[in-house]
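The values are calculated or read from the model by the stated rules, or taken from the named source; none is laboratory data. Here the structure is a predicted model, which means the values were calculated and not measured. Neighbour counts are summed over all protein chains in view; Cβ atoms, including those assigned to glycine, are modelled from backbone coordinates with ideal geometry. Side chains included, ligands, DNA and RNA excluded: accessible areas come from the protein's heavy atoms. Shrake-Rupley method; radii C 1.70, N 1.55, O 1.52, S 1.80 Å.
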Amino acid sequence: MGAVEGILTGFEVALSLEGIMFVLLGVFVGTFIGMLPGLGPISAIAIMIPITYGMNPTLALVMMAGVYYGAVFGGSTSSILLNAPGISGTVATSFDGYPLAQKGQAGKALAIAAISSFVGGTISVVLLMIFAPVLASVAVSFGPPAYFALMLLGLTAIASLSEGSTIKALIAAIVGFMIATIGIDPQTGTGRFTFGSANLLDGIDFLVIALGLFAIAEVCFLVMNRRKKSVTNGKDIGSLKLSKQDAKEISGPAGRQSFLGFILGILPGAGATIASFISYITEKRIAKKPEEFGKGALKGIAAPEASNNAATSGSFVPLLSLGIPGSGTTAVMLGAFLVLGVQPGPMLMGDQPEIFWGIIASMYIGNIFLLILNLPLIPYISRILTVPRPLLISLVIMFSLIGVYAISFSTFDLYLLLAFGVLGFIMRIFAFPAPPFILAFILGGMMEQSFRQAMTSSGGNISVFFTNNISLVLIILSVISFAFPIIRNLRKKKAH
Amino acid sequence: MKKLLGVSFLVLMLIFLAACGDDTSTEEDTESNEDTTSEGDVDSEENGDWEPEQSIEIVAPAGAGGGWDTTARMTAQTLTEEGLIDQSIGVVNEPGGGGAVGWASIANKEGSPYDLFVSSSPILLVPLNGQSEYGHEDFTPIANIIAEYAGFAVREDAEWDTLPELFESMKEDPSEITVVGTSSPGSMDHIQFVRFAKEAGVDITQIKYVSAPDAGGVTQLLNGSADVFSTGVGEVVEQVRSGDVRLLAVTSEERLEGDVLSEIPTAKEQGIDETFVNWRGFFGPPEMDQAAIDYYEAKFKELSDSDAFAEIRDNYNWEEMFMGSEEYEEFLDQEKESFQEILDELDLSEE
Amino acid sequence: MLKGVNRKLGLVIFLLSAGYLTLSYNLPTYPYIPVDADVIPKTLGWILLVLSIALFFAKDQDSEEQKARRHIPREDVKALLGVFVFVFIYITLFETIGFIIMTAAFVFFCSWFLGYKQHVVNALVSILFPVFLYSVFVFLLSINLPQGILPF
C-alpha cells in the first residue's frame, strides 16, 4: 500500500463518527489528567490502559494517542498560573508564563501556550505524515558520541540563560549537575551519594527539583508579600485577546521550534523536556531583545510549548516505525499497544496501515479539539489568580505536595521537595539563577552517560567524538555557541 | 466572594459527577460478584479454611507502565473479571531503588494476607549488589506466573551466525566487541550474557558492557555503536521480523513458539549448556499464614490456566511458567546461588 | 576577612565542594570500564572548588534590588518558619492521618495563619478542595492516596 493510500485510510478512520468520538474522549481525558498535580502523560496512559482492554485496537490507540498529547497540552496550565509545573515538559514554560500571568495577563499567557501547542502539534503531524516512513533511520542515527555532543551544545547556553554574575550561573549549573550524579550509576551499578538510602538509588525525580526550585521558592516570596493584593484587580486577567503584534511575535518561534522540537522528539532519550529547554534557549539566543526573556516574553512561552508538543508527535516516529520506546512515556504507550495485541515496529505500516495512519491522521483532529476545548476554559481557570494571597499560597503548596506524592508515593520525596524549596529560596536571595541549575540537571546526567558509553565502546579512545560526523558537527557548533557571546562582549568593550 | 462561591459550586458539581461515576462502577462490581459467588463457595471448600474478607492490595515495586506494573495490573484485572477472587484487588506503585523501596515497606507488613507484590530476578540481584536490605528469603514466595526469555541480538550484517562463533571472536579479541544492555552491570541484562559467555569459556572480566536505558540498546545496535544486544526476546522480535536484527540464540530450554521465534535456536542446541529465564511471580509479606498461601496458590494456578490470561500472555510475548510456592522457593534459592557465583567471579558481590 | 557576601558564599560553596570531593574519592572502583563512576564527580568537585575560590575573590556588585532582597523583616521570617512547620507537620502525619483530613487542616490553618479572615469561605474551600481531589484520584482514576483514619 502506498503512502497516499495509507494516508487516505488513516483519514477514513480518523474522520469516522467513532474515530472522532474516541479522539475527543482521549484528548479530553488527557488534558484533564494533565492539569492535575503530578499527573502527566505517563500516568494518564497507564490509567487508561485497563479501560481499552477488549476494544477495537485502532480506535483504542487513536484514543490513547489523544490521551498522550492531550496530557502534554494540559500540563502548561499550572506552570503558567502557579509556577508549579505539573509535568516536566512544561517547566521551561513557567520561565516566562508565570511572570506574564503575574503581570495580570494570565489569559494571554494561557492562550499563547494553547495556540503554540496547537501549532507545534499540527506542524509536527504534517512532518510525521510526510516523513514517518523515512525518519526511522534518523531516530537511530545518534550514537553515544552524538548524544554527548548534543548535550554539550545544550549546556553551552548556560551563560546565556541568566543575567548577572557568570560565576554564580556556573556554580548553579555545576551543583545541578552534581545532583544529577546521585543514585545508581548505570555504567557500573555503583550507588553514588545515596548515603545508604534506598530512596535515593533511582536518583532524584526532575519534578521534585522543578517544583521545589520554582513553586515552593516562589511561595516563600508570596509569603513575604502576603498582604499585597492578589495580582492586579483581575478585571481582564482572563482576557484572551492577542493583538496583531502579539500574533506576529509568536508566529516565528512557534513555527521554528515546532521543527526543532519534532527532531529532538524523534531521538530516543531526548524527548519533550529536553526539547522544550533547548527551544527556549535557542529563541532567547536569537532574540533581538534577549533581556525580555524571563520577564514574561511571549516568545518565551511560545517556544517551549510549540516544542514540547512537536516532540510528542516526534516520539511516535521511533515507536511506530521501529517499536522503540524512546522515553518512559512511550514505553507505557508501547504497553498500550501490546495489550491490544498490536506490535508496533517496522512491520506495522505494512501489516496494519489503518492503525499506523489512523493514529497519525487522528492527531490533526485531536489538536483542533484541544484548542477548541482549552480556549473557552481559559477565562475561568485564570480566575484562580484572583483568590486572596493567603489562600492561594496554601493551595500552591498543596498542589506541589500532591504532585510529588503522585509520582513516587513516598513521603521521602515530600521532604526532598521541601529541601529543594529552601534551596531555591536561598538561591534567589543570593542571586544564583535557577534555570542553569535545572538545565544542567537534565542534560548533565545524560551527557555523562553518553560520554562514558562512548568511551567504553572505543576502549578509552577519546577520538571517537571527532570521527563521528554528527558528533563532530555538534561539537564545532558547541564551540561556536560558547565562544560567540564572549567575542561579542569583547567587541562591545572595545567599541566603548 | 460570589465568584468563590461559584467556583465552590462547580467543584461540588464535579464531585457529584465523580461520585456518580463511582456508583455505577460499584454496581457493576457487585453484579459480577453475584455471578461468581456460587463458584467462590465451591472453591473455599476445596481450598481449606481461608478466604479474603477485605480488599487485597498488590504492590508493584516500580513506577506505572513497567513490567512489574503491567503484570500486577493484568493479573488483578483478570482475577476480578474472571471472578476468581470476589474481593476487590488494588494495584499500588511503590517505585524506588530498583524495587528496594517497595520491598522494605512490605517487609513491615508481617503476616498480612492482604498484601501481595510482584517481582522477578531483581529481587535476587539487587540484594546481591548490596542495594536492598531484603531479598526473596525475607518474603513468602506464593507462585510464579510468567516467564520471559532472553536473547542475544546482532545486526543482520554481523559476521557471526551462531552464538559459539561470537564467543570465539570474544576469546580472540574481547576489545573489539561491545555488548549493550538496558540495565547496569550486575543486573539482569549483564548477568544473563555473562552466564553464557562463562559457560563457553570466555574470560568474563574482559567483556565490554555498556548500559543504555530508555531503549538505547536497540538504537545502539542498529547504528553500530554496539555489536551485541543482550535483552528480552520480546523487545527485539519486531526487528527480527523485519530483518534488521538477528537473534543468535534464545536462552530457553527448548525453542520458543511463534512464527519468527520458532526459527531461532536455543543456546543449548548450539552446544552451550546454559539457560536463563526471567521469571515473574507473586510474593507475600514475611510469615504469611499457610492457609492464605494455599488459597492464593490455587487462585494463581486457575489464573494461569485461564483462556483470558493466555490471551494476555500472547499480547505481551510472555511465556507460561507456573510454579507453586514450594517449588518456587527452591528454584529461587538455586538461581540466587548461581548469580552469586558469577558476581563473585566479577568481584561485584556485596553480600 | 568575611565582610563581603561573596566571601561568605564562597566559603560555604568551598566546603560543599570539599565534602562532595571527599565522597567522590571514596566511591568504590569498578575495574571493567575506562571511565569509572568517580571521574565525572571528581571533575565536577574540582570545578566547583575553583569557582568557589573565584567567587570568594570576586567583588560584590549587587544592585540595590538584590540587597533589598537579602533583607528579610523579622515578621516575615516568622511567617516563613510558620509555613515551613505547617508543611513539615503535614508531611510527617500525611500517611497516618490520611490525605483528606491533613489537607483540609493544612489549607485551613495555613491560610488562617497567613492572615485570611473569611473563615467560612476558608473552611468551605479547605474541605471541598481535598475531597474533590481525593475523589478524582481515588475513585475516578484509581490512584490511591493515603486514606488514613477515615473509613473511605
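None of C:Phe57, C:Phe84, C:Phe94 is touching a residue at least 24 places away in the same chain (Cβ under 8 Å) and either more than 7 Å from chain A (Cβ to nearest Cβ) or out of contact with any Gly (no Cβ under 9 Å at 6 or more places or on another chain) (or both) except C:Phe57.
Only one entry in B:Gly102, B:Gly96 is within 10 Å of chain A (Cβ to nearest Cβ), buried (at least 22 other Cβ atoms within 10 Å of the Cβ) and modelled with pLDDT of 90 or more, namely B:Gly102. Against the conditions (1) farther than 30 Å from C:Ser52 by Cβ; (2) buried (at least 24 other Cβ atoms within 10 Å of the Cβ); (3) not charged (D, E, K, R), A:Phe177 satisfies every one except (1). Of the residues making up region A:343-378, those that are more than 24 Å from the chain's Cα centre (by Cα), open to solvent by 30 Å² or more (accessible area, probe 1.4 Å) and within 14 Å of another protein chain (Cβ to nearest Cβ) number 7. For B:Asn315, the conditions (1) open to solvent by less than 40 Å² (accessible area, probe 1.4 Å); (2) in contact with a Gly (Cβ under 7 Å, 6 or more places away or on another chain); (3) in contact (Cβ under 8 Å) with a residue 40 or more places away in the chain all hold with the exception of (3). Figure legend. Inter-residue proximity from region B:130-143: first residues charged (D, E, K, R), second residues surrounded by fewer than 19 Cβ atoms within 10 Å (Cβ to Cβ), beta-carbon distance below 7 Å, spacing 6+ or different chains. Indicated pairs: B:Asp138/B:Ala107; B:Asp138/B:Pro286.
Per-residue answers, yes or no, for (1) within 18 Å of A:Leu416 (Cβ to Cβ); (2) charged (D, E, K, R); (3) modelled with pLDDT under 90:
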{"position": "A:Ala173", "(1), (2), (3)": "no, no, no"}
{"position": "A:Gly183", "(1), (2), (3)": "yes, no, no"}
{"position": "A:Leu211", "(1), (2), (3)": "yes, no, no"}
{"position": "A:Arg227", "(1), (2), (3)": "no, yes, yes"}
{"position": "A:Gly238", "(1), (2), (3)": "no, no, yes"}
{"position": "A:Lys248", "(1), (2), (3)": "no, yes, no"}
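Hey, any hits in region C:41-50 for a residue that's more than 7 Å from every other protein chain (Cβ to nearest Cβ), open to solvent by 80 Å² or more (accessible area, probe 1.4 Å) and closer than 30 Å to A:Ser457 by Cβ? Yes: region C:41-50 contains one or more residues that are more than 7 Å from every other protein chain (Cβ to nearest Cβ), open to solvent by 80 Å² or more (accessible area, probe 1.4 Å) and closer than 30 Å to A:Ser457 by Cβ. Of all residues in region A:111-146, those that are away from chain B (no Cβ under 14 Å) and either open to solvent by 10 Å² or more (accessible area, probe 1.4 Å) or of a type in the set (Gly, Ala, Ser) (or both) total 20. Among the candidates A:Ala331, A:Ala336, A:Ala361, A:Ala306, the residue that is part of a helix (DSSP H, G or I), of a type in the set (Gly, Ala, Ser) and modelled with pLDDT of 95 or more is uniquely A:Ala306. Residues of region A:47-59 include at least one that is away from chain B (no Cβ under 14 Å) and surrounded by fewer than 22 Cβ atoms within 10 Å (Cβ to Cβ). The residue pairs whose first member lies in region B:57-84 and is on the phi > 0 side of the Ramachandran plot and more than 9 Å from chain A (Cβ to nearest Cβ), whose second member is of a type in the set (Val, Ile, Thr) and outside any strand (DSSP E or B), and whose beta carbons are closer than 9 Å, counting only pairs six or more residues apart or on different chains, are B:Gly83/B:Thr36; B:Gly83/B:Thr37. The residues of region B:165-180 that are in contact (Cβ under 8 Å) with a residue 12 or more places away in the chain, over 15 Å from B:Ser225 (Cα atoms) and open to solvent by less than 40 Å² (accessible area, probe 1.4 Å), listed by number, are B:Leu166, B:Phe167, B:Met170, B:Pro174. C:Arg70 meets all of the listed conditions (1) at the interface with chain A (Cβ under 8 Å from one of its Cβ atoms); (2) buried (at least 19 other Cβ atoms within 10 Å of the Cβ) but one, namely (2).
Note on region B:129-164: residues that are surrounded by fewer than 24 Cβ atoms within 10 Å (Cβ to Cβ), more than 16 Å from the chain's Cα centre (by Cα) and assigned to a helix (DSSP H, G or I) amount to 3. Among residues of region B:260-303 being out of contact with any helix residue (DSSP H, G or I) (no Cβ under 8 Å at 6 or more places or on another chain) and free of Cβ contacts under 8 Å to residues at least 40 places away in the same chain, the one that is most open to solvent (accessible area, probe 1.4 Å) is B:Glu263. Applying the set (1) touching a helix residue (DSSP H, G or I) at 6+ places or on another chain (Cβ under 8 Å); (2) open to solvent by 20 Å² or more (accessible area, probe 1.4 Å); (3) over 15 Å from A:Leu401 (Cβ atoms); (4) within 11 Å of chain A (Cβ to nearest Cβ) to C:Leu141 leaves exactly one unmet item: (2).
Residues being more than 7 Å from chain A (Cβ to nearest Cβ), open to solvent by 80 Å² or more (accessible area, probe 1.4 Å), over 30 Å from B:Leu343 (Cα atoms) and in contact (Cβ under 8 Å) with a residue 12 or more places away in the chain are entirely absent from region C:20-28.
Counting only helices (runs of 4 or more DSSP H) that sit wholly inside region C:48-126, those with at least 2 residues that are small (Gly, Ala, Ser) are C:74-97, C:99-113.
Scanning region A:302-335 for residues being touching a residue at least 40 places away in the same chain (Cβ under 8 Å) and in contact with an Asp or Glu (Cβ under 7 Å, 6 or more places away or on another chain) gives a total of 3.
Look at (1) in contact (Cβ under 8 Å) with a residue 40 or more places away in the chain; (2) assigned to a helix (DSSP H, G or I); (3) in contact with a helix residue (DSSP H, G or I) (Cβ under 6 Å, 6 or more places away or on another chain) and you find that A:Lys108 fails only one, number (3).
For residues that are away from chain B (no Cβ under 14 Å), of a type outside the set (Val, Ile, Thr) and within 21 Å of A:Leu155 (Cα to Cα), scanning just region A:181-229, find the one that is nearest to the chain's Cα centre (by Cα). Step by step, filter region A:181-229, then rank; the result is A:Ala210. Looking at the structure I just gave you, is A:Leu207 closer than 20 Å to A:Thr77 by Cβ, at pLDDT below 90 and not in a loop (DSSP other than H, G, I, E, B)? Taking the combined requirement at face value, the residue satisfies it. When the helices (runs of 4 or more DSSP H) confined to region B:211-322 are screened for residues that are within 13 Å of chain A (Cβ to nearest Cβ), those reaching at least 1 such residues are found at B:216-222, B:237-242, B:307-315.
Remark: B:Ser338 falls outside the filter, which requires a residue to be open to solvent by less than 50 Å² (accessible area, probe 1.4 Å), within 23 Å of B:Ser55 (Cα to Cα) and away from chain A (no Cβ under 13 Å). Of the residues A:Ile33, A:Ile42, which is within 20 Å of A:Val208 (Cβ to Cβ), surrounded by fewer than 24 Cβ atoms within 10 Å (Cβ to Cβ) and touching a helix residue (DSSP H, G or I) at 6+ places or on another chain (Cβ under 6 Å)? Only one candidate passes the filter, namely A:Ile42.
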